[in-house]
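Report on the structure given below.
The values are calculated or read from the model by the stated rules, or taken from the named source; none is laboratory data. Quantities reported herein were computed from a predicted structural model and do not represent experimental measurements. All Cβ positions, even for glycine, are placed from backbone atoms using ideal geometry, and neighbour counts span all protein chains on display.
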Amino acid sequence: MPHVPDLVAGHPDAELEPRRSGPRRILRVAGALVPVVLAALVLLPDLLGGLDHHLPFAVFAALRPALTVGVAVVVLAVVVVRLVRRRRPRGAAGTVGLVGVALVVAVAASFVVPRAVPGEAPPPGGTPLTVLELNAFEGHADVGALAAVVRRERPDIVVLPEAGELFRSRIAALLPDYRSWTNVPPRAADVRGITVLTAPRAGDVTARTISDAPGSPTDTRYPWAELTGGILGPVHLGAVHVVSIVPGWISYWPEELELLSRWCSRAEGPALVVGDFNATPDHSAFRSGTQGCTDAATARGASLTGTWFSGVPRALGAQIDHVLASGGPQARDVSVIDVPGSDHRALLVRLRLT
């Protein structure tokens, strides 16, 4: 007698089972891939066709070091729970998802970990140059504390984004031996300007404003500056303040980072670029615009120390302030210094000029 499936009794023919379990298996696999996709969006937006040029992914990229550690901890916790409970998943979907997230973490770590390893130290000799950079936070940085740092560290050149004439006059009064200059008119708000201080040892350094016409290909929201001469010799030093990654401004941000190539791709000679870039090496636009330059902090294994936001521990912040070098200058030492009143920390870099 031919076998007839006992559907009424709830015992379907075994041959019919794949038809019922197939869609469920697909759904389980798709569900397992969701955390993998989310992990990639958070940790690797710069590898996804320029996704990190947009919010909130630009912020995710800026915080990749801390976020990578956080996701790695979650993955490890899940693995430990599975081992302790000795539970085997009903299918391979859960394992696929866990392994996928772990691979995303590994790729993100491959970008982050090398920046904590210092490269080969520059050879002795050459002209020493010390640069101090601090975003003065719309002129609210504590001038007394900043002056104390300058007197202690004796930098040859100080670059202060978000510091116009008002801030310049206040800090200059406390450091009478330093020459000072700002790249905006006297009535401009501090947030618009960049103030530069030069020590007597720096010699006859001259400065000029770089402020191109609005709407031009080389326009920036905040005017930049360039320093030449004196201790710099053939080196051109760009003092910059790149626009923030906030709604209404971020559309200009990749273009401004591309303008850094005017120093990093210089065929005429060596260059330094100093300032608040509002970007980290985890941003694709930063890497593109700074091709040809070496980040001093990355070279010395110090680029994972956050310079912003100063209100959180250094390990949780982002290093968006930089000193970049091209065509000869090399970093000897990099340190990050707290200065009251600013939402940034100061970046102190000691270099060797060839």
From Thr298, Thr280, residue being under 29 Å from Thr127 (Cα atoms) and either out of contact with any strand residue (DSSP E or B) (no Cβ under 7 Å at 6 or more places or on another chain) or free of Cβ contacts under 8 Å to residues at least 24 places away in the same chain (or both): Thr298
Unique residue being among the small types (Gly, Ala, Ser), in contact with a Ser or Thr (Cβ under 8 Å, 6 or more places away or on another chain) and assigned to a helix (DSSP H, G or I) when the list is Ala66, Ala61, Ala77, Ala106: Ala61
Any pair with Cβ under 6 angstrom, 6 or more apart, that starts in the range 187-206 at a residue that is surrounded by fewer than 20 Cβ atoms within 10 Å (Cβ to Cβ) and of a type in the set (S, T, N, Q) and ends at one that is modelled with pLDDT of 95 or more and assigned to a loop (DSSP other than H, G, I, E, B): Thr206/Gly229
Of all residues in the range 112-134 being within 17 Å of the chain's Cα centre (by Cα) and crowded, with 19+ Cβ neighbours inside 10 Å, the one that is nearest to Ala325 (Cα to Cα): Glu133
Considering residues of the range 156-186 that are of a type in the set (Asp, Glu) and part of a loop (DSSP other than H, G, I, E, B) only, the residue surrounded by the most Cβ atoms within 10 Å (Cβ to Cβ): Glu162
Residues satisfying the stated conditions in the range 219-234, i.e. touching a Ser or Thr at 6+ places or on another chain (Cβ under 8 Å) and in contact (Cβ under 8 Å) with a residue 40 or more places away in the chain: Pro223, Trp224, Ala225, Leu227, Ile231, Gly233
